[in-house]
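Chemist: Take a look at this one; I'll ask things after.
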Amino acid sequence: MGTTAGPPAREASILHVDMDAFYASVEALDDPTLAGRPLIVGGAGARGVVASCSYEARAYGIHSAMPSSRARRLCPQAVFVSGRYDRYSEVSRQIHHIFESYTPLVEGISLDEAFLDVTGAIRLFGPADTIAHSIRDRIREELGLGCSVGVAPVKFLAKLASEAAKPAASLKGVVPGKGVFVIEPGEELAFLHPLPIEALWGVGPATAARLRRLGVTKVGDLAALPADTVTSSVGRAHGQHLYLLAHGIDDRRVVPDRDVKSISHEETYAVDRDDRDGLHSEIVRMADAVAARMRKAGLSGRTVSIKVRYGDFRTITRSRTSREPLFDGQAVATLAGELLESLDLGDGIRLLGVGVSSLAGDGSANPAGGQLSLDLDGADDPGRPSWRGATEAVDAVRERFGAAAVGPATLVGPGGIRVKRQGDTQWGPGSG
């Protein structure tokens, strides 16, 4: 790879929109008594982690993925609330409707951030920075939430620009950010090169340590090295990737409607579990939820996997592929249950997950290629679709009366049907 002076000239028309403390902000929006307080969204129990936190909490050094126990020590007066994935998804859809009123080229990265290519919208709505301000104003006015927007010629610079636009946490109060930060063509390297090397996508602790041995601490230090030196230090493919980024080059386009590769649910338990019968009930609960999400998305799948994490954090996965498309919870649970039976539970497990992959867009109640059957237990072929009418009826009842209106009998308890909802205990168990 030869030396390159910088990125080719390209209009600054890529936006990266990142919601400010999204989950915590939604919680404060729904409960105004939480506004202005150190608020933590996540699992409050001993095994919980922080999913999101307000800027008032960040002022104490709290950040996402931090163990909740440490967060509580840093800020004993913090308020913990459990995450509500359904609510965040609902607000995220409203945010995306705003995005799509400007451009169809919207690439969602997560519930709270997305890339937008507004090249084709400039003639209608004005320059990219004007569009960025308009989007930010509409999200504030229509939804009551804050966001930061980066504008740049390429994706990774737009993401760095949105970080530069963010508010800052302070014990004296939240310090407002720029809101919108623009990197114009020709300004890329002046912005990029003073940044720490960790700012580049793909530079984690191990890569950073290797680069520091070469005297690299800033992005500009990396850009000044010969390409061969970089690739010999961190590997050819990775080194080429970092070398291009250090010169502001990123050829990736904004790609809307990225295909879903898998659908899964998992749960972390407050205490290690070795009750095999109880864990089989958990598998039924997760499999039912995974299958419902597949059908809602018009998908079916063929490969079922389970994820198990033991008390010592050793994590294993097992999978099995069906000959026929899977679309109902019973079939998914059958295969997942067999996978669990093949494992030694040891002294107990702290996490269990069920997922389906090898997805295809044929998730009707009778997926293409599947044969109907009245086989109740699916013993002959657990992947074979069965009870089409019953599955459709269950979906219809849930659509009208809610997910807890009907479900597998094994999930019925004194409080009703134990429903597994997307994002439920995603960040660890609560304190109860």
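Chemist: Name the single residue, out of those in region 63-77 being surrounded by fewer than 24 Cβ atoms within 10 Å (Cβ to Cβ) and either closer than 25 Å to residue 148 by Cα or in contact with a Gly (Cβ under 6 Å, 6 or more places away or on another chain) (or both), that is modelled with the highest pLDDT. Don't jump to the end; show me each part of the working.
Modeler: Just the residues of region 63-77 that are surrounded by fewer than 24 Cβ atoms within 10 Å (Cβ to Cβ), to begin with: 63-67, 69-70, 72-77.
Remaining after also requiring either closer than 25 Å to residue 148 by Cα or in contact with a Gly (Cβ under 6 Å, 6 or more places away or on another chain) (or both): 63-66, 74.
Values: 63: 94, 64: 91, 65: 89, 66: 93, 74: 97.
In this case the residue turns out to be 74.
Chemist: Could you grab me the full set of residues in region 207-257 that are closer than 30 Å to residue 297 by Cα and either of a type in the set (Asp, Glu) or in the same structural domain as residue 111 (by TED's automatic domain parsing) (or both)? Before the answer, list the steps.
Modeler: Here is the first cut: in region 207-257, the ones closer than 30 Å to residue 297 by Cα are 252-257.
Listed by number, the list holds a single entry, 257.
Chemist: Which residue, of 37, 58, is among the charged types (D, E, K, R) and surrounded by fewer than 20 Cβ atoms within 10 Å (Cβ to Cβ)? So that I can check it myself, show each step before the final result.
Modeler: On the way: 58 fails: surrounded by fewer than 20 Cβ atoms within 10 Å (Cβ to Cβ).
The match here is 37.
Chemist: With the checklist (1) assigned by TED's automatic domain parsing to the domain that holds residue 115; (2) surrounded by 15 or more Cβ atoms within 10 Å (Cβ to Cβ) in hand, flag the one item residue 140 doesn't pass.
Modeler: Here residue 140 meets the rest and fails (2).
Chemist: Out of all the residues in region 279-322, which are outside any strand (DSSP E or B) and among the aliphatic types (A, V, I, L, M)? Steps first, answer last, please.
Modeler: Initial filter on region 279-322 (outside any strand (DSSP E or B)): 279-299, 311-314.
The answer is 279, 283, 284, 286, 287, 289, 290, 291, 292, 294, 297, 299.
Chemist: A further question on this structure: In region 335-348, which residues are surrounded by fewer than 24 Cβ atoms within 10 Å (Cβ to Cβ) and within 19 Å of residue 281 (Cβ to Cβ)? Can you show your working first?
Modeler: Keep residues of region 335-348 that are surrounded by fewer than 24 Cβ atoms within 10 Å (Cβ to Cβ), which gives 337-348.
337, 338, 339, 340, 341, 342, 343, 345, 348, listed by residue number.
Chemist: Given the conditions (1) out of contact with any strand residue (DSSP E or B) (no Cβ under 6 Å at 6 or more places or on another chain); (2) under 20 Å from residue 64 (Cβ atoms); (3) charged (D, E, K, R), report the number of the one that residue 166 does not fulfil.
Modeler: Answer for residue 166: the failing condition is (1).
Chemist: Sticking with this one: Taking the condition of being modelled with pLDDT of 95 or more and not polar (S, T, N, Q), how many residues in region 42-57 meet it? Steps first, answer last, please.
Modeler: Residues of region 42-57 that are modelled with pLDDT of 95 or more, as a first pass: 53-57.
Now drop any that are not not polar (S, T, N, Q), which leaves 53, 55-57.
So the answer is 4.
Chemist: Moving on to the next point. I'm told residue 189 meets every condition in (1) more than 24 Å from the chain's Cα centre (by Cα); (2) modelled with pLDDT under 95 except one. Can you identify the failing condition by its number?
Modeler: Exception for residue 189: condition (2).
Chemist: Right, here's the next one. Report the residue count in region 303-328 for those that are surrounded by fewer than 18 Cβ atoms within 10 Å (Cβ to Cβ) and over 19 Å from residue 279 (Cα atoms).
Modeler: Total meeting the criteria: 3.
Chemist: Is at least one residue of region 119-129 more than 17 Å from the chain's Cα centre (by Cα), surrounded by fewer than 18 Cβ atoms within 10 Å (Cβ to Cβ) and of a type in the set (Val, Ile, Thr)?
Modeler: Yes; the residues of region 119-129 include at least one that is more than 17 Å from the chain's Cα centre (by Cα), surrounded by fewer than 18 Cβ atoms within 10 Å (Cβ to Cβ) and of a type in the set (Val, Ile, Thr).
Chemist: Follow-up. Anything in region 78-88 that is among the acidic types (Asp, Glu) and surrounded by 20 or more Cβ atoms within 10 Å (Cβ to Cβ)? List them, or say none.
Modeler: Going residue by residue through region 78-88, those that are among the acidic types (Asp, Glu) are 86.
Residues satisfying the conditions do not exist here.
Chemist: Go through the residues of region 326-344 one by one and say whether even a single one is aromatic (Phe, Trp, Tyr), in contact with a strand residue (DSSP E or B) (Cβ under 8 Å, 6 or more places away or on another chain) and in contact (Cβ under 8 Å) with a residue 24 or more places away in the chain.
Modeler: The initial filter retains those residues of region 326-344 that are aromatic (Phe, Trp, Tyr), namely 327.
From what's left, in contact with a strand residue (DSSP E or B) (Cβ under 8 Å, 6 or more places away or on another chain): 327.
With the extra rule that they be in contact (Cβ under 8 Å) with a residue 24 or more places away in the chain, the set shrinks to 327.
Checked against the condition, which is being aromatic (Phe, Trp, Tyr), in contact with a strand residue (DSSP E or B) (Cβ under 8 Å, 6 or more places away or on another chain) and in contact (Cβ under 8 Å) with a residue 24 or more places away in the chain, region 326-344 yields at least one hit.
Residue by residue, here is whether (1) out of contact with any helix residue (DSSP H, G or I) (no Cβ under 7 Å at 6 or more places or on another chain); (2) modelled with pLDDT under 90; (3) under 28 Å from residue 347 (Cβ atoms); (4) not acidic (Asp, Glu) holds:
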{"position": "268", "(1), (2), (3), (4)": "yes, yes, yes, yes"}
{"position": "275", "(1), (2), (3), (4)": "yes, no, yes, no"}
{"position": "284", "(1), (2), (3), (4)": "no, no, yes, yes"}
{"position": "297", "(1), (2), (3), (4)": "yes, yes, no, yes"}
{"position": "301", "(1), (2), (3), (4)": "no, no, no, yes"}
{"position": "311", "(1), (2), (3), (4)": "yes, yes, yes, yes"}
{"position": "315", "(1), (2), (3), (4)": "yes, no, yes, yes"}
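Chemist: Looking only at region 89-118, filter to residues that are crowded, with 21+ Cβ neighbours inside 10 Å and under 30 Å from residue 36 (Cβ atoms); which one of those is farthest from the chain's Cα centre (by Cα)?
Modeler: The residue in question is 99.
Chemist: Here's a follow-up. Out of 108, 179, 126, 146, which single residue is in the same structural domain as residue 27 (by TED's automatic domain parsing), under 29 Å from residue 244 (Cα atoms) and modelled with pLDDT of 95 or more?
Modeler: Numbers: 108 fails: modelled with pLDDT of 95 or more; 126 fails: under 29 Å from residue 244 (Cα atoms); 146 fails: under 29 Å from residue 244 (Cα atoms).
Answer to the check: 179.
The values are calculated or read from the model by the stated rules, or taken from the named source; none is laboratory data. Since the model is a prediction, treat every value here as computed from it, not as a measurement. Positions of Cβ are backbone-derived with ideal geometry, glycine not excepted, and every protein chain shown enters the neighbour counts.
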